[in-house]
């Protein structure tokens, strides 16, 4: 496809970072025993029954659990409910925790506020689960849950995973991560990131698979379609796809990691398979002392009344007095929260 520089500049101007609030809009409780005692992560924002909702995950030192928050203005958010709780005293594959990635949407268009879509009278959520206790411990696989509850509080999980790393290629052989779930041209598309080794520092890259029924998936033969590139800001991770369509092309608001900073990226495609990535981060990490000093990543981009809201997970080093902390793979203690950057009205 090869966009010209002026086209990239136009995309940067339209979808660039906007004004960062530099304040958490959701943060962990810091209360022992609560699902979010250590932090919150992975926003997914949509509108449902005349209110704004955010699906997000909380971490308690054991595993992820998935929750909903609600808002009337896209800025002030309140926790509503845990919708994928830990399954105590269970032998299920997803008993340690379940991290919701995506709920199937009515439209793929980025300028339309996401709203949920029913298939066979049900809403459908895809999630991933790690097998051991700890921070993303072991290789995750993906499950599917459905709901007929208009409050979105009650979800039924399928008995078995729908997508596992054991069936994949070498690049994904040690575990799966977040995915983006779309319906396009009569079939479902799953873009997902995965790792090929369990020894840190591993690489994460993004591939794609298709399904006609949400249950049986066929991988693209030439995965990964979004690989890491040496010397780039995505030299270690090319992760967490968030894909929408702008009327001309597909946009992926994923993130890249260079081994130090995770930063939001923008990639474009005409066919959901072949992608071109902007050479600089769309959402760079912040300056020293800022809320996103270490990372600005895991995007959820929505437009309401012509204004762009770019939700993301912001990370900085833990400080004395912070309510929450997470020790990540590098051994660094981080304060992780969800925040937003607000663009000018289009």
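Per-structure values
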item	result
Choice from 311, 135, 127 with maximal GNM fluctuation in the chain (Cα, 10 Å cutoff)	135
Relative contact order computed over the stretch 76-130 (Cα-Cα under 8 Å; 6+ residues apart), in percent	34 percent
Length-normalised contact order for the stretch 1-127 - Cα pairs under 8 Å, 6+ apart - percent	16 percent
Hydrodynamic radius by Kirkwood, which averages 1/r over all alpha carbon pairs of the stretch 6-83, in angstrom	14.1 Å
GNM result for the chain, Cα springs below 10 Å: residue of 203, 176, 75 fluctuating most strongly	75
Hull shadow area, averaged, the chain [alpha-carbon convex hull, nm²]	16.3 nm²
DSSP-defined antiparallel bridges as percent of all bridges, the chain, nearest 5	95 percent
Residue 95/residue 149 FRET efficiency (R0 25 Å; Cβ-Cβ; nearest 0.05)	0.65
Value of relative contact order over the chain, rounded to a whole percent, pairs C-alpha under 8 Å and six or more apart	16 percent
Part-to-part distance (alpha-carbon centres) for the stretch 222-269 and the stretch 308-333, which is given in Å	21 Å
Gaussian network model of the chain, Cα within-10 Å springs - most flexible of 30, 247, 58	247
For the stretch 102-159 versus the stretch 69-83, the gap between their alpha-carbon centres in whole angstrom	17 Å
Helix-only mean residue ellipticity at 222 nm for the chain, each DSSP H run of n ≥ 4 adding -39500 (n - 2.57), per residue, nearest 500	-1000 deg cm²/dmol
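Any read-out appearing in this document is the output of simple, stated calculations on the displayed coordinates, not a laboratory observation. Just so it is clear, the model here is predicted, and its values are computed rather than measured. Neighbour counts run over all protein chains shown; Cβ positions are idealised from the backbone, glycine included.
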